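Notes follow the structure.
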Amino acid sequence: MYKQKLVLIGNGMAGLRCVESIISMDPTAFEITIFGSEPHVNYNRILLSTVLQGNTSFEDIAINDRDWYTKNNIQLFTGETVVKIDKETQKIITDKEREVHYDKLIIATGSSPFILPVTGVDKEGVIAFRTIEDCQKMIDTSRKYKKAVVIGGGLLGLEAARGLLNLGMEVNVVHIADHLMERQLDSTASLLLQKELENQGMNFLLKKETQEIIGNDRVERVRFKDGTELEADLVVMAAGVRPNIQLAKESGIDTNRAIIVNDYLETSIPNIFAVGECVEHHGIVYGLVKPLYEQGEVLAKHICEMKCNGYQGSVLSTQLKISGVELFSVGDFLGDETTKSITTFDELDGVYKKVVFQGRKIIGAVLYGDTKVSSRLLDMILKRQVVSSEEKHVLFQSPSTAEGLIASMANHEIICNCNAVSKGAIIGAVRNKGLTTVEQVKQCTKASGSCGGCKPAVTELLAYILGNLSDQANEQTVLCSCTTLTEDEVVYKMQLQDLTSVQEVMDVLGWENTGGCSTCRPALSYYLGMIHPEYEIRQQTLFINEQKNATVQSDDRYSVIPQMYGGMTNAKDLRKIANVADKYDISQVAVTSEQRIHLMGVKKEDLPGVWADLDMPLSSKYGNTVQNVKTCIGEHVCSCDKKQSLLLAVDLEKRLEHVSTPYRLKMGISACMHNGAGSTTKDIGVMGIDRGWEIYVGGSSGRNVRAGELLCVAGTNEEAIEIIISFIQYYRETANYLERTWEWIERVGLIHVREVLFDNDLSQQLSQRLEMAYVR
């Protein structure tokens, strides 16, 4: 069998994540060759600062050792740089004159440190902070010299400065802006950070522009444009990076600030792709690990010819890896005239929180001094979640202990954002595989294996699990026995990885039972229908269209239910039904509790004839759909006018029949307070009053009878319909499969549901999405 030749230029994190994903998706499809300019295996560049700070060794930051390359039949060439791409013959040439042909080529050349274009940058003692060699030079220099200047007050510069402090050097940080980390922090958070780092021993020179580096062979001083100078034995350039695009430009690939790619990471040249820091997507160049990993996942699916929606951009978040500093920044933390923010500032304890809202959704935040809610904030932003007043309050109240935070987190909430590892995934791995150390958790789940910012949270969670601090940690929370993932985790990964079929979900997410089971298959089918509206949900029915459907009975015969909107019929339709029952020898004809006539025991071969002779819309009674609306037609407990309630029921039935739901959804519409349709014990119950309609939700008439709760009062039929449709769609989008309405309401809160439905824009969007589901 011919294997396509896949060549990767660059042995860094983004490219290797893509290769790892390709191997997991289709391990035999490609003959893989990788070239890396550095003389090392793939390592975690982000953790170089922790090596410099003395918290980690060089060996600890290696991601894949040489055995991994060998095991996966990957040919690795380290210390060798690709210098030419011949796109006509589809081959690459290296600086060692090696030629390798490719069928598909991935460029993952990353970026290079930006070196200030000033006199003296070539002197000894002036270095960047990008590679293992740079890190080693800084460690070696600290043994002989003591005065260090770091140029750049961003993320990388501050982490380098902290490392140099740990090495015993006197550190001055020079920054051109008026406050530190201006791309991630507002001025308040930046000032708090500056004060803390000054307490740790750093000195800062802000609004300083470097003019020249002075010295004979070695750096001795740094001169600024304002005429001042600063003594220096070591100058670290940490003023940013520039994408490595020279090879791409020389090869005729379209570039701007970086290599221009589309949503599928394709360049302008066929069979040549690009990923990582060297890529520009829709005008944006990403430099953080999470978006680069997301790009790698998308490219892997595309190269393996798996269906995907492409890369849609990323929400950026930042954490600073410096001991004694709790800092988190995400999204649009500054806002504009269209946004509003909530801010708290405790100057005594040095805790600052700012959350920016667009409408009722969070679009950005800055946390300093207390970052315990960072995972929850990021989850809300990624899911574009509408935030209730109660949830706003919780965001500004951190639990007093680590255990309190862990206990308050849902299993689906993400602990490790770089690798999308949830709390539930870690709990499952610890329980099922007997993990007892953070290192084991990292090896098993990849949590804390990238930027390292979540390592404290992983440590707290592990202690929490091992200490049996939660019954939840000892519960079986998986979707079914086919997988170790919880239901929330499965849905999250289906969305994240753009999975589009039941079999693809089971294959990509590593189902132990590759065929699935009676629990997971219908659940996956339902979720696919919600994530991808074009997906056809398979019910346990024979459904062709509204006039050709039937339900399978236990004896392998079928039942057919003529539709009677609002429980009303006429003599003509009744004659049709009676004639069909006689013609096809249907002996079981019943009137159901939902005011429908039920033809039972129809032979499969008779179905086409039954459908043709009836020639009327049919109801699909079974399956998890919106059921027939019960009315009080035929009830004689009162003499009130039932016309409006009947019109409302008919309108709703026509809009909602065959719409799938997490669990069977029953509705009742009573014309008056006598409650002739049993509205108060339905999932949705409507009851006529003098000023309109009372709408109740979350009732149940099953084994455990529950009364519904009053959702609201609607003044007209149109208002009632809009509220009911919005409610059903929000239930469809946010409930778990087989979760009843009352269970869902208990979980999310009736107040939250009201806040969503009473937001006109959100309510209209929900209604439109349900109409789309009905049209299909």
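The values are calculated or read from the model by the stated rules, or taken from the named source; none is laboratory data. Computed from a predicted model, the values in this text were never measured in an experiment. Virtual Cβ from ideal backbone geometry, glycine too; neighbours counted across all protein chains shown.
Condition first: under 26 Å from Arg45 (Cα atoms) and not aliphatic (A, V, I, L, M). Can you find one or more residues in segment 214-230 that meet it? Before you say what the answer is, go through the steps one by one.
Filtering segment 214-230 for residues under 26 Å from Arg45 (Cα atoms) gives none.
No, because not a single residue in segment 214-230 is under 26 Å from Arg45 (Cα atoms) and not aliphatic (A, V, I, L, M).
Does any residue of segment 216-231 turn out to be farther than 26 Å from Glu347 by Cα and under 36 Å from the mean Cα position of the chain (by Cα)? Can you show your working first?
At the first step, the residues of segment 216-231 found to be farther than 26 Å from Glu347 by Cα are 216-231.
Still in the list and also under 36 Å from the mean Cα position of the chain (by Cα): none.
Within segment 216-231, not a single residue is farther than 26 Å from Glu347 by Cα and under 36 Å from the mean Cα position of the chain (by Cα).
Residue-wise test of (1) closer than 13 Å to Ile9 by Cα; (2) of a type outside the set (Gly, Ala, Ser); (3) in the same structural domain as His40 (by TED's automatic domain parsing); (4) touching a Gly at 6+ places or on another chain (Cβ under 8 Å).
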site: Gly54; (1), (2), (3), (4): no, no, yes, yes
site: Ile61; (1), (2), (3), (4): no, yes, yes, no
site: Trp68; (1), (2), (3), (4): no, yes, yes, no
site: Phe77; (1), (2), (3), (4): yes, yes, yes, yes
site: Thr81; (1), (2), (3), (4): yes, yes, yes, no
site: Glu88; (1), (2), (3), (4): no, yes, yes, no
site: His101; (1), (2), (3), (4): yes, yes, yes, no
site: Ile106; (1), (2), (3), (4): yes, yes, yes, yes
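Scanning segment 307-349 for residues that are aliphatic (A, V, I, L, M), surrounded by fewer than 18 Cβ atoms within 10 Å (Cβ to Cβ) and touching a residue at least 24 places away in the same chain (Cβ under 8 Å) yields a count of 3. Being under 17 Å from Met568 (Cβ atoms), out of contact with any strand residue (DSSP E or B) (no Cβ under 8 Å at 6 or more places or on another chain) and among the hydrophobic types (A, V, I, L, M, F, W, C) is the requirement here; does Leu647 meet it? So Leu647 fits the description; yes.
Go through segment 488-497 and count every residue that is out of contact with any Phe, Trp or Tyr (no Cβ under 7 Å at 6 or more places or on another chain) and buried (at least 20 other Cβ atoms within 10 Å of the Cβ). Can you show your working first?
Initially, segment 488-497 is screened for residues out of contact with any Phe, Trp or Tyr (no Cβ under 7 Å at 6 or more places or on another chain), giving 488-490, 492-493, 495-497.
After this cut, where a residue has to be buried (at least 20 other Cβ atoms within 10 Å of the Cβ) as well, the list is 489-490, 492, 497.
Here the count works out to 4.
Within the set Asp67, Asp95, Asp26, the sole residue that is surrounded by fewer than 19 Cβ atoms within 10 Å (Cβ to Cβ), of a type in the set (Asp, Glu) and under 23 Å from Glu277 (Cβ atoms) turns out to be Asp95. Can you find a residue in segment 696-703 that is in a strand (DSSP E or B), touching a residue at least 40 places away in the same chain (Cβ under 8 Å) and under 23 Å from Gln729 (Cβ atoms)? Within segment 696-703, one or more residues are in a strand (DSSP E or B), touching a residue at least 40 places away in the same chain (Cβ under 8 Å) and under 23 Å from Gln729 (Cβ atoms).
So is Lys123 more than 15 Å from Ala274 (Cα to Cα), among the charged types (D, E, K, R), in contact with a strand residue (DSSP E or B) (Cβ under 6 Å, 6 or more places away or on another chain) and without any contact (Cβ under 8 Å) to a residue 24 or more places away in the chain or not?
Details: more than 15 Å from Ala274 (Cα to Cα): yes; among the charged types (D, E, K, R): yes; in contact with a strand residue (DSSP E or B) (Cβ under 6 Å, 6 or more places away or on another chain): yes; without any contact (Cβ under 8 Å) to a residue 24 or more places away in the chain: no.
Taking the combined requirement at face value, the residue does not satisfy it.
Inclusion of Gly296 among residues that are of a type in the set (Gly, Ala, Ser), assigned by TED's automatic domain parsing to the domain that holds Asn11, within 25 Å of Leu156 (Cα to Cα) and surrounded by fewer than 21 Cβ atoms within 10 Å (Cβ to Cβ) is not warranted.
A quick yes/no check of all residues on (1) among the polar types (S, T, N, Q); (2) in contact with a helix residue (DSSP H, G or I) (Cβ under 9 Å, 6 or more places away or on another chain):
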| position | (1), (2) |
| --- | --- |
| Gln246 | yes, no |
| Glu266 | no, yes |
| Glu297 | no, yes |
| Thr318 | yes, yes |
| Val330 | no, yes |
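Asp95: on the phi < 0 side of the Ramachandran plot, assigned by TED's automatic domain parsing to the domain that holds Gly287, acidic (Asp, Glu) and out of contact with any Ser or Thr (no Cβ under 7 Å at 6 or more places or on another chain), yes or no? Outline the logic, then answer.
Values: on the phi < 0 side of the Ramachandran plot: yes; assigned by TED's automatic domain parsing to the domain that holds Gly287: yes; acidic (Asp, Glu): yes; out of contact with any Ser or Thr (no Cβ under 7 Å at 6 or more places or on another chain): no.
Judged against the criteria, Asp95 is not a match.
A single member of Ala714, Ala720 is over 33 Å from the mean Cα position of the chain (by Cα) and farther than 17 Å from Leu770 by Cα, and it is Ala714.
All conditions in (1) surrounded by 15 or more Cβ atoms within 10 Å (Cβ to Cβ); (2) of a type outside the set (D, E, K, R); (3) in a helix (DSSP H, G or I); (4) at pLDDT 80 or above hold for Gln443, with the sole exception of (1).
Quick check, is Gln765 buried (at least 22 other Cβ atoms within 10 Å of the Cβ), of a type outside the set (A, V, I, L, M) and within 26 Å of the chain's Cα centre (by Cα)?
Details: buried (at least 22 other Cβ atoms within 10 Å of the Cβ): no; of a type outside the set (A, V, I, L, M): yes; within 26 Å of the chain's Cα centre (by Cα): yes.
No; evaluated as a whole, the condition is false for this residue.
Of the residues in segment 59-76, not one is in contact (Cβ under 8 Å) with a residue 40 or more places away in the chain and among the aromatic types (Phe, Trp, Tyr).
Taking the criterion of being of a type in the set (Gly, Ala, Ser), over 28 Å from Ser518 (Cα atoms) and in a loop (DSSP other than H, G, I, E, B), the residues of segment 704-738 that qualify are Ala707, Gly708, Gly715.
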